[in-house]
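One structure below.
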Amino acid sequence: MSFGPLLSAPPPIPWHAFAAFAALAVGGAQLALPKGNLRHRVMGYVWAALMLVIAISSFWIQQIRLVGPFSPIHLLSILVLVTVPLAVWYAHTHRVTAHRGAMIKLYVFALIGAGIFTLLPGRIMHTVVFGQ
């Protein structure tokens, strides 16, 4: 594993990737640790901010161009931009079941699921993880 290809990639790819790594770690901790306390709320805001950074930065990553400068993954970014604030609002309004469901789906599908696609041959993360 070498971070060289990632670090030499043009912005915002490194920011996007490092925000995703951080979100993966923070989100995993959120899922494992007790809920409803101050630590959960603070880490939740950090995770939500990281997810928004990931989604917003994705619009400047246009290596796969299927519809103009965009690809189907950008639809996921739009979904994240809608779902993250909605999930936070669920927590504020004490709709715990809806909050939990939205956050778990974001973690599994938008973070892990989309992350798996970055490992396809020809992508920078494939080179980072598997080499040339």
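Bear in mind these aren't lab numbers, they're just calculated from the coordinates by the rules spelled out. Remember, predicted model here, so these are calculated numbers, not experimental data. Methodologically, a virtual Cβ is constructed for each residue, glycine included, from the backbone with ideal geometry; neighbour enumeration extends over all protein chains shown.
Contact order for the chain, expressed relative to its length and based on alpha carbon pairs under 8 Å spaced 6+ residues apart, stands at 31 percent.
Among Ala22, Leu33, Trp47, which residue has its Cα furthest toward the positive end of the charge dipole of the chain, with +1 on Lys/Arg Cβ and -1 on Asp/Glu Cβ? Final value for the positive-end residue is Leu33.
Taking trypsin sites (Lys or Arg not before Pro) in DSSP loop conformation with at most 15 other Cβ atoms inside 10 Å as exposed sites, the chain has its longest uninterrupted site-free stretch at 1-34.
Each Lys and Arg adds +1 at its Cβ and each Asp and Glu adds -1 at its Cβ; summed about the Cα centre, the chain shows a dipole of about 340 debye.
If a/c stays under 1.5 just call it rounded; otherwise compare a/b with b/c (prolate if a/b is bigger, oblate if not). Do that for the range 1-103, with a ≥ b ≥ c from the square roots of the Cα gyration tensor eigenvalues. Taking the square roots of the gyration eigenvalues as a ≥ b ≥ c, the range 1-103 is oblate. Backbone geometry of the range 43-50 corresponds, through the Karplus equation with coefficients 6.51, -1.76 and 1.60 at θ = phi - 60°, to 3J(HN,Hα) couplings of 5, x, 5, 4, 4, 4, 5, 4 Hz, x marking Gly and Pro.
How high is the FRET efficiency between Arg41 and Ile78 when r is their beta carbon distance and R₀ equals 35 Å, given to the nearest 0.05?
0.85
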